[in-house]
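The values are calculated or read from the model by the stated rules, or taken from the named source; none is laboratory data. In this text the structure is predicted, and so the values were computed from the model without any measurement. We place every Cβ from the backbone using ideal geometry, glycine too, and count neighbours over all the protein chains shown. Ligands, DNA and RNA are stripped out before the accessible areas are found, and what is left, the full protein with its side chains, is counted by its heavy atoms. Shrake-Rupley method; radii C 1.70, N 1.55, O 1.52, S 1.80 Å.
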Amino acid sequence: MSYSPPTRLVSEVMIAVKRQFGDESGVQLENTDIIRWINDAQDVIVSKTKVLKAKSTTPAVGGQASYTFPSDNIYQVESIHFDGMRIPNMNFPEAEEYIFSADPLGEAQGVPVLWYEWAGTFTFWPAPSDVKNIDMYYTKRPDPVATINDTLTIPDKHYQDVVRYVLQQAYEMDEDLGNAQAKGAQFEASINEFSEEARTAQNMTYSTITVYDN
């Protein structure tokens, strides 16, 4: 799947929304409200489609098992690789039980066979014995927009979804429930289609994922 940097501006969303809403003069719809709804739309779209992908690389430290995440903007970790090899993820209770039975003193070092997350860090077992690259593949949260000149964070293919979401909020504020429901249904149908594509791609590639709600 090809990827191109986003090009759509907040101002474009505003123009489209105000025109469809019938308020091109901006009497009813304030820019601050539209910007807030745009940020909400981006959050919803990313949470459902996992569309913003990122990768980080950091060197391991010999004998060090735990590492901090490279960004506080991670929504979902999809995979962690050590020296080019994918390391399976295990939830904390299972990892704790497994490690205690295999390495009760916590002294094992070598090539990691699992990783788990706890309190903002991820931990390998056994601890890496060599200085190799740790590659993390993850879905990131969208950067919020603040001004009319800002560029949306999400890809252009979701521009119309943002417009639909913002219009839904505008109609609800105007107590036009019919149009609000119509736009909401259009938004959900479009997002569900993209979400199914994302789920299919993930299931083909990753058996385990870790989601963060921070």
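Within region 58-85, if we keep just the residues that are open to solvent by 80 Å² or more (accessible area, probe 1.4 Å) and within 20 Å of the chain's Cα centre (by Cα), the residue that is nearest to Ala127 (Cα to Cα) turns out to be Thr68. Scan (1) open to solvent by less than 40 Å² (accessible area, probe 1.4 Å); (2) modelled with pLDDT under 95; (3) charged (D, E, K, R) for the single condition Lys48 breaks and write down its number. Tallying (1) open to solvent by less than 40 Å² (accessible area, probe 1.4 Å); (2) modelled with pLDDT under 95; (3) charged (D, E, K, R), Lys48 fails exactly one: (1). Among the candidates Met14, Met90, the residue that is crowded, with 19+ Cβ neighbours inside 10 Å, in contact with a strand residue (DSSP E or B) (Cβ under 6 Å, 6 or more places away or on another chain) and in contact (Cβ under 8 Å) with a residue 12 or more places away in the chain is uniquely Met90. Looking only at residues of region 177-195 that are among the polar types (S, T, N, Q) and under 14 Å from Lys48 (Cβ atoms), we find that the one that is surrounded by the fewest Cβ atoms within 10 Å (Cβ to Cβ) is Asn192. Only residues that are touching a helix residue (DSSP H, G or I) at 6+ places or on another chain (Cβ under 8 Å) and buried (at least 17 other Cβ atoms within 10 Å of the Cβ) were counted across region 102-113, and they come to 0.
Taken as a whole, the condition of being modelled with pLDDT under 95, surrounded by fewer than 19 Cβ atoms within 10 Å (Cβ to Cβ) and in contact with a helix residue (DSSP H, G or I) (Cβ under 8 Å, 6 or more places away or on another chain) does not apply to Lys53. For Val27, the conditions (1) more than 25 Å from the chain's Cα centre (by Cα); (2) touching a residue at least 60 places away in the same chain (Cβ under 8 Å) are fulfilled apart from (2). When residues in region 30-50 are screened for being free of Cβ contacts under 8 Å to residues at least 24 places away in the same chain and among the basic types (Lys, Arg), 1 of them pass.
Scanning region 113-132 finds no residues that are within 29 Å of Met14 (Cα to Cα), of a type in the set (A, V, I, L, M, F, W, C) and free of Cβ contacts under 8 Å to residues at least 40 places away in the same chain. Checked against (1) at negative phi; (2) surrounded by fewer than 14 Cβ atoms within 10 Å (Cβ to Cβ), Gly22 passes all but condition (1).
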